[in-house]
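The values are calculated or read from the model by the stated rules, or taken from the named source; none is laboratory data. Computed from a predicted model, the values in this text were never measured in an experiment. All Cβ positions, glycine included, derive from the backbone under ideal geometry; neighbour counts span all protein chains shown. For the accessible areas, the whole protein counts, side chains as well, though only heavy atoms, and no ligand, DNA or RNA atoms are used. Shrake-Rupley method; radii C 1.70, N 1.55, O 1.52, S 1.80 Å.
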Amino acid sequence: GSKNLKAIAVRGTGNVEVADLNQFKKLLAEAYEAIKKDPASASRIKYGTASSVAPAHALGAMPVKNYSRGVFDGTEGLIAETMRKKIVFHDESCFGCALPCGKLSLIKEGPYAGTVLQGPQYESIGLLGTNCGISSIEAVARGNYLCNEFGMDTISTGNVIAYAIEAYQKGYLTKYDTDGMDLRFGDADNILSLIERIAKREGLGQKLSEGVKVFSEELGRGAEKFAMHSKGQEFASFEPRSVVGMGLLYATATTGANHSLGPTFREEMKSPLTGQGKAKILIGTQNSYCLQDSLIYCSFSRYGLSPISRLQFLSAVTGWEYSQEEVERQVHRIYTAERLFNLREGFGKKEDGLPWRSLAEPMPDGPSKGNVVPLEAMLPEYYSLRGWDPSGTPKKETMEKLGLTEFMGLLK
Ligand code: SF4
């Protein structure tokens, strides 16, 4: 703003009181044991989030070439085992965590030799790898490193670059627009160059730096149909035609296509292609993630921590006693309050949408061949379960139940 304020740093000097220290220590010891015993922990510790690449690809759920395909031939070069063998040299954890999911990597040879970074993680492998047609883990790691250095999100960056490649191949962009670059999927040199151009807002990078929504609207002429975002937030590393609950998440999440607001990927693995029952599953995951964010838990606290033990921790630390029912009410209240905020800002049912490609272009290949996201069938059920009316507006009785009546004025 006008004061050129960049940040405010605050440092406390007092102690953090714990209401019941003995109980807290007991719960901590139990959680450590539970994490060790959880069958999924070993793979997460060894490979980090990259362990999800192979199972996601097996479902056709990796984003491939701007979410146009369900199969990527070069996945073998990007799976967790390849990454561990080729570049990972150290496991790293946040303070005191029993699940060291961070992977420190070093590129030992080739054009990117000497690059050191933490990662790449699953989402970065999806967006900078399969989505850009890149099958070299070193090139993905280099792209991830550049994004880190420039302070850019790998998801939005990989998404908008893949979009530019498709737009170029379809004739929406010419070499004049691309600064002479012949954009192709899998061309690591050009893709890495685009990351730098976006960061420095140079040439085509200036336009891409605005994100896929703004850029596609600027191109017009139907180019919006394959701009993969919701509410202006670029899609994350899940192809929604292959896991349709993720499509419902992208469409309804308060901040757009954000995978970290209640991913359904694991919960819907048994029936990923049907919309049936997905509204209920999604509300469960959204509420669970809302709770963990409110309590400041890591999103991997599901390894070993049950919903009950989360509340036991809350009680031991703060002395507050919450029943499961009350917690459910509180997270529902948070979600509804966020909805009210969005409605006030002009984001309603129309914005709870997905791009044309997800809704109307059948998946051409892979396990979900022929599928699209049945959003129109899922959305009414979702609204109804949330206590919202068919237009996506919270009902009066829902507002009363959640103690939000003071905000009714926002709905007029
Ligand atoms: S706290 Fe979470 S992100 Fe950090 S190392 Fe543990 S599991 Fe990984």
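Based only on Cα atoms, what Rg/Rh ratio does the stretch 43-227 have, Rh being taken as Kirkwood's radius? Numbers along the way, then the final one.
Numbers: Rg = 16.4 Å, Rh = 16.6 Å.
Checking Rg against Rh, the ratio lands at 0.98.
Pull out a ≥ b ≥ c, the square roots of the eigenvalues of the alpha-carbon gyration tensor of the stretch 133-180, then state rounded if a/c is under 1.5, prolate if not and a/b is larger than b/c, and oblate in the remaining case. List each step's numbers first, then the result.
Details: a/c = 2.32, a/b = 1.86, b/c = 1.25.
Judged from the Cα gyration tensor, the stretch 133-180 comes out prolate (a/c at least 1.5, a/b above b/c).
Compute the normalised compactness of the stretch 239-294: alpha-carbon radius of gyration over 2.2 N^0.38 Å, N being the residue count.
Values: Rg = 10.2 Å, N = 56, 2.2 N^0.38 = 10.2 Å.
Relative to the rule-of-thumb radius for its length, the stretch 239-294 sits at 1.01.
Calculated FRET efficiency, residue 270 and residue 4, Cβ-Cβ r, R0 56 Å, to nearest 0.05?
Values: r = 54 Å, r/R0 = 0.96.
E between residue 270 and residue 4, to the nearest 0.05, is 0.55.
Ignoring ligands, DNA and RNA, please state the percent of accessible area on the chain from carbon and sulfur, probe 1.4 Å.
Working: 10610 of 19720 Å².
Heavy-atom surface of the chain belonging to carbon and sulfur, 1.4 Å probe: 54 percent.
Among the listed pairs 170/213; 350/401; 280/395; 280/350, which have their C-alpha atoms separated by more than 23 angstrom in this model?
Details: 170/213 18 Å; 350/401 26 Å; 280/395 18 Å; 280/350 21 Å.
Flagged as over cut-off: 350/401.
Which cross-chain or sequence-distant (5 or more) residues have an amide H under 5 Å from the amide H of residue 229, H modelled 1.01 Å from N in plane?
235
Using the Cα centre of the stretch 240-412 as origin and beta-carbon charges of +1 (Lys, Arg) and -1 (Asp, Glu), tell me which of 275, 402, 390 is placed farthest towards the positive end of the dipole.
Result: 275.
Let a ≥ b ≥ c be the square roots of the eigenvalues of the Cα gyration tensor of the stretch 240-412; is it rounded (a/c under 1.5), or, if not, prolate (a/b larger than b/c) or oblate? Before the final figure, lay out the partial values.
Numbers: a/c = 2.39, a/b = 1.26, b/c = 1.89.
Note, shape of the stretch 240-412 comes out oblate.
When the Karplus curve 6.51 cos²θ - 1.76 cosθ + 1.60 is applied with θ = phi - 60°, which whole-Hz ³J(HN,Hα) does each residue of the stretch 306-314 get, with x for Gly and Pro?
Each residue of the stretch 306-314 in turn: 7, x, 5, 5, 4, 5, 5, 4, 4 Hz.
Place +1 on the Cβ of every Lys and Arg and -1 on the Cβ of every Asp and Glu in the stretch 272-366, take the dipole about the Cα centre, and give the residue among 318, 360, 304 whose Cα lies farthest towards its positive end.
Of the listed residues, the answer is 360.
How much area per residue is accessible in the chain when the probe is 1.4 Å and only protein heavy atoms are counted (Å²)?
Working: 19720 Å² over 412 residues.
Per residue, the chain has 48 Å² of solvent-accessible surface.
Where the Cα atoms of the stretch 292-354 are projected onto their three principal axes, how long is each span, largest first, in whole Å?
For the stretch 292-354, the Cα extents along the three principal axes come out at 42, 23, 17 Å.
Once the convex hull of the alpha carbons of the stretch 353-412 is built, what does its volume come to per residue, in cubic angstrom?
Values: hull volume 6.2 nm³, N = 60.
Expressed per residue, the convex hull around the Cα atoms of the stretch 353-412 is 103 Å³.
Can you classify the stretch 49-101 as rounded, prolate or oblate using the Cα gyration tensor, where a ≥ b ≥ c are the square roots of its eigenvalues, rounded means a/c under 1.5, and otherwise it's prolate if a/b beats b/c and oblate if not? Show your work: numbers first, answer last.
Details: a/c = 3.20, a/b = 2.01, b/c = 1.59.
Taking the square roots of the gyration eigenvalues as a ≥ b ≥ c, the stretch 49-101 is prolate.
Counting Lys and Arg as +1 and Asp and Glu as -1, each charge on the Cβ, what is the dipole of the chain about the Cα centre in debye, to the nearest 20? Before the final figure, lay out each step's value.
Numbers: 48 positive and 48 negative charges, 27 e Å.
The dipole magnitude comes to about 120 debye.
Considering only C-alpha atoms, what is the centroid distance from the stretch 15-44 to the stretch 69-120, in Å?
Result: 27 Å between the Cα centres.
Go through the stretch 1-87 and name the GluC sites (Glu not before Pro) that are in a DSSP coil and have 14 or fewer other Cβ atoms within 10 Å of their Cβ.
Numbers: sites: 17, 30, 33, 76, 81; in loops: 17.
In loop regions of the stretch 1-87 (DSSP not H, G, I, E or B), the sparsely surrounded GluC sites (Glu not before Pro) are 17.
Long-range amide H contacts for residue 388: which residues qualify at under 5 Å (H placed 1.01 Å from N, peptide plane, sequence gap of 5 or more or a different chain)?
Correct list: 395.
Output ³J(HN,Hα) for the stretch 340-347: one whole-Hz value per residue in order, computed from phi by the Karplus curve 6.51 cos²θ - 1.76 cosθ + 1.60 with θ = phi - 60°, and x for Gly and Pro.
Rounded to whole hertz, the list is 4, 4, 4, 4, 4, 8, x, 9.
For the chain, modelled as a Gaussian network with Cα springs under 10 Å, which listed residue fluctuates most, 124, 237, 294?
Sorting by GNM fluctuation, first place goes to 294.
Test of the criteria: in the stretch 1-97, which chymotrypsin sites (Phe, Trp or Tyr not before Pro) are in a DSSP loop and have at most 11 other Cβ atoms within 10 angstrom of their Cβ? Before the final figure, lay out the partial values.
On the way: sites: 24, 32, 47, 67, 72, 89, 95; in loops: 67, 72, 95.
Answer in residue order: 95.
Over 35 Å, how big is the tail of the calculated P(r) for the chain, in percent of all Cα pairs?
Details: 27689 of 84666 pairs.
The share of Cα pairs beyond 35 Å in the chain comes to 33 percent.
Out of 139, 113, 61, any idea which swings most in a Gaussian network model of the chain, alpha carbons joined below 10 Å?
Between 139, 113, 61, it is 113 that shows the largest mean-square fluctuation.
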